[in-house]
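Notes follow the structure.
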Amino acid sequence: MTKLAGATLNQTALNWESNYKHIAEAIKTAQENQVDILCLPELCITGYGCEDLFLGNWIYDRALQELEKVRPLCTNILVAVGLPVKFEGKNYNTTCIVKDTEILGFYVKQNLANDGVHYEPRWFTPGTSEKVDTITINNKTYDFGDIVLEFGDIKMGFEICEDAWREVRPACRLYEKGVNLILNPSASHFAFDKTLAREELVVSSSKNFHCTYLYANLLGNEAGRMIYDGEMLIARHGTLIQRNEWLSFQDVQLIYANVDFSNENETYSAPKKYARDKNTEFLKAETLALYDYLRKSRSKGFILSLSGGADSSSIAVLVAEMVRRGIAELGVDKFLSKAGLSSIEARDVRGIVSAIFTCAYQGTVNSSEDTFNSAKELASQLGATFYHWLIDEEVASYTKKIEKAIDRPLTWEQDDITLQNIQARARSPIIWMLANINNALLLTTSNRSEGDVGYATMDGDTSGSISPIAAVDKHFIIGWLNWAEQELGYSALSHVNSLQPSAELRPLENKQTDETDLMPYHIIVEIEKLAIKEHQSPLEVFKALSPKNLEADELLKQHITRFYTLWSRNQWKRERIAPSFHVDDFNVDPRTWCRFPILSGSFKEELEALNNY
């Protein structure tokens, strides 16, 4: 009987001390549980998100130094540990196999991820199938490449993350060689529903290649934008035999399975299932990402301009849930000490929320009592420190100076956008003051739908350190808030859930709403899936959506025209959105997923073709 284990680690790019500590803890825990084979995640020595530092030389030298610290730990156990290696002047993403303190060789990743958020070919050279070289390290020579190892009844092969997601993959050749155990160390970012596809991949791989398949992923917000869910799966001959609870606040988690490789007919029971609906996924991913960003940036809390609307309300709930979930899993002392907040005296969720989370409602003559009450009651229920003030004086001061300079009054008829934007921008300096005073992160409230069409004020509501919900659409946020009111018990959300989303930047008698300014949010969602995710032309989008009867054809054409016009006009805004968490299978952040020219022809001929169709 062989005891297999996978470990997930919450690593940080270039944090050598912390990364080594987590690796050592995983190895020690595995040894204490009599584990024979332990698989650690991809690039866990350096962290996956080192970006262009992988183009240098020193990082590879340091990674080997860290490997030399890990190697002596591996007594009476085989450990697969991920690190980058430079070989013959080229950079490789590898997994080193250490058994009883001796290095057995390095498997080299053969398929580099180069879509969506990934740019691995920028940094690494792919390994070659069936090719095994030798590499000399500290005067010792090791196999380097497409290696296979044998121990008694076990014949072991490897895939690293993207290797497994290709139609022609290493496992196909490993099956032909009679490999019965495949280890997959991964750095697979979180996205909605990805866990379902990942489980299917692992289980089907174990069936199709008649093997035991062990998958171990990185965990947490490693370097700022990507969230790793820390999912670990062990499957054998088409049956999932072990899994963990993912998106954990723990730095290290292990799962184990005993496998008799001499008995092909051994049967296993399925492990416990966990909730993986989209609302729960969002809650868990965002709260873990916020906690990791807070502690890894060495900040002391969060600041939020709480308008009482859907976006800021969702972020407020997420911060409170970060505290609740973190304490439930770690306990109060560990939750605070990990975040460098041990000086906080409060020992309950509301007290800690009050200490690290400050909200401010910044009203104008155009703000309503409804949104003020929404913000005030939500902050009260969460326990957040809450301030409120008016910014009319600041708006009037800016306005008067411009009126004097141009020698005419500003009017809503002539200067609508100017008068709207100055209100949003006037809120920014004072809320930044709170962030500076508290040494806290200012949370900005842009969502993906606003990013699509530029429905945001630069240096106003987009102003902040981090934009937690910029990768999800407004339609989802509205639905999630209703779910949070019912399932999480935040009754104060009844206020925002009864309101029509509005920027409240025009006079109240205008009854401004987001969807009147733009189009229905569910229409934006349908258009962006095709236009942005699928890269389709305006006419292609119309042909795909028209049969769905979402709107009358002429109105649908108007919506599509408006979307493409606003999209192409506002790339400069998307270039300046604060760093955001990647949580969907696509986003509009040009630094991670969607690149688009700042200056373009704005789809002029393509929109003419649509409207002439």
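The values are calculated or read from the model by the stated rules, or taken from the named source; none is laboratory data. Not measured: the values here are computed from a predicted model. So basically every Cβ, Gly included, is an ideal-geometry build from the backbone, and we count neighbours across all protein chains shown. In case anyone asks, the SASA skips ligands and DNA or RNA and just uses the protein heavy atoms, side chains included. Shrake-Rupley method; radii C 1.70, N 1.55, O 1.52, S 1.80 Å.
General observations
- Residues in the range 60-91 that are in contact with a Pro (Cβ under 9 Å, 6 or more places away or on another chain) and in contact (Cβ under 8 Å) with a residue 40 or more places away in the chain: Ala80, Val81, Gly82.
- Any chance Gln362 is surrounded by 22 or more Cβ atoms within 10 Å (Cβ to Cβ) and of a type in the set (S, T, N, Q): yes
- Residues that are part of a loop (DSSP other than H, G, I, E, B) and at positive phi are absent from the range 566-588 altogether.
- Top-ranked residue of the range 446-478 - restricted to ones that are open to solvent by 20 Å² or more (accessible area, probe 1.4 Å) and within 17 Å of the chain's Cα centre (by Cα), ranked as nearest to Trp567 (Cα to Cα): Phe476
- Taken over the range 504-525, residues that are open to solvent by 40 Å² or more (accessible area, probe 1.4 Å) and either more than 14 Å from Asn366 (Cα to Cα) or part of a loop (DSSP other than H, G, I, E, B) (or both) amount to 5.
- Hey, Glu159 under 19 Å from Ala187 (Cα atoms) and acidic (Asp, Glu) or not: yes
- So Leu481, is it open to solvent by 10 Å² or more (accessible area, probe 1.4 Å) and in contact (Cβ under 8 Å) with a residue 12 or more places away in the chain: no
- Scan of the range 437-462 for residues that are polar (S, T, N, Q) and touching a residue at least 60 places away in the same chain (Cβ under 8 Å), ordered by number: Asn438, Asn439, Thr444, Thr445, Ser446, Asn447, Ser449, Thr462
- Search result, residues across the range 173-218 that are of a type in the set (A, V, I, L, M) and either buried (at least 24 other Cβ atoms within 10 Å of the Cβ) or in a strand (DSSP E or B) (or both): Leu181, Ile182, Leu183, Ala187, Leu214, Ala216, Leu218
- Condition check for Ile344 on (1) in contact with a Leu (Cβ under 6 Å, 6 or more places away or on another chain); (2) over 16 Å from Leu493 (Cβ atoms); (3) open to solvent by less than 20 Å² (accessible area, probe 1.4 Å): one failure, at (3).
- Complete set of residues in the range 377-432 that are polar (S, T, N, Q) and either over 30 Å from Arg347 (Cα atoms) or free of Cβ contacts under 8 Å to residues at least 12 places away in the same chain (or both): Ser397, Thr399, Thr411, Gln414, Thr418, Gln420, Asn421, Gln423, Ser428
- Filter result for Val79 (outside any helix (DSSP H, G or I) and out of contact with any Cys (no Cβ under 6 Å at 6 or more places or on another chain)): yes
- So Phe261, is it on the phi < 0 side of the Ramachandran plot and in a loop (DSSP other than H, G, I, E, B): yes
- Every residue from the range 594-613 that is more than 14 Å from Ala531 (Cβ to Cβ), assigned to a loop (DSSP other than H, G, I, E, B) and in contact (Cβ under 8 Å) with a residue 60 or more places away in the chain: Tyr613
- Within the range 222-248, the residues that satisfy the criterion of being over 19 Å from Asn279 (Cα atoms), touching a Lys or Arg at 6+ places or on another chain (Cβ under 7 Å) and surrounded by 24 or more Cβ atoms within 10 Å (Cβ to Cβ) are Met232, Leu233.
- Number of the condition not met by Ala5 [criteria: (1) in a strand (DSSP E or B); (2) over 21 Å from Gly145 (Cβ atoms); (3) more than 29 Å from the chain's Cα centre (by Cα)]: (3)
- Taking every residue in the range 493-507 that is at positive phi and pairing it with any residue that is open to solvent by 40 Å² or more (accessible area, probe 1.4 Å), at least 6 positions away or on another chain, the pairs with Cβ-Cβ distances below 8 Å are Glu504/Ser307.
- Trp165 fulfils the conditions (1) within 25 Å of the chain's Cα centre (by Cα); (2) open to solvent by less than 50 Å² (accessible area, probe 1.4 Å); (3) within 23 Å of Gly47 (Cα to Cα) except for a single criterion, (2).
- Of the residues making up the range 549-570, those that are touching a Gly at 6+ places or on another chain (Cβ under 7 Å) and closer than 17 Å to Thr516 by Cβ number 1.
- Residue match in the range 51-73 (condition: β-branched (Val, Ile, Thr), in a loop (DSSP other than H, G, I, E, B) and surrounded by 13 or more Cβ atoms within 10 Å (Cβ to Cβ)): no
- Any hit, the range 372-390, residues being open to solvent by 50 Å² or more (accessible area, probe 1.4 Å), of a type in the set (Gly, Ala, Ser) and more than 29 Å from Glu286 (Cα to Cα): no
- So Leu610, is it in contact with a Phe, Trp or Tyr (Cβ under 8 Å, 6 or more places away or on another chain) and open to solvent by less than 40 Å² (accessible area, probe 1.4 Å): yes
- Every residue from the range 289-324 that is of a type outside the set (Ser, Thr, Tyr), open to solvent by 10 Å² or more (accessible area, probe 1.4 Å) and part of a helix (DSSP H, G or I): Arg295, Lys296, Ala310, Asp311, Arg324
- Selection status of Ile97, among the aliphatic types (A, V, I, L, M), in contact (Cβ under 8 Å) with a residue 24 or more places away in the chain and outside any strand (DSSP E or B): no
- Pair list, Cβ under 7 Å, 6 or more apart: the range 266-288 residue within 19 Å of Leu196 (Cβ to Cβ) and open to solvent by 60 Å² or more (accessible area, probe 1.4 Å), other residue in a helix (DSSP H, G or I) and small (Gly, Ala, Ser): none
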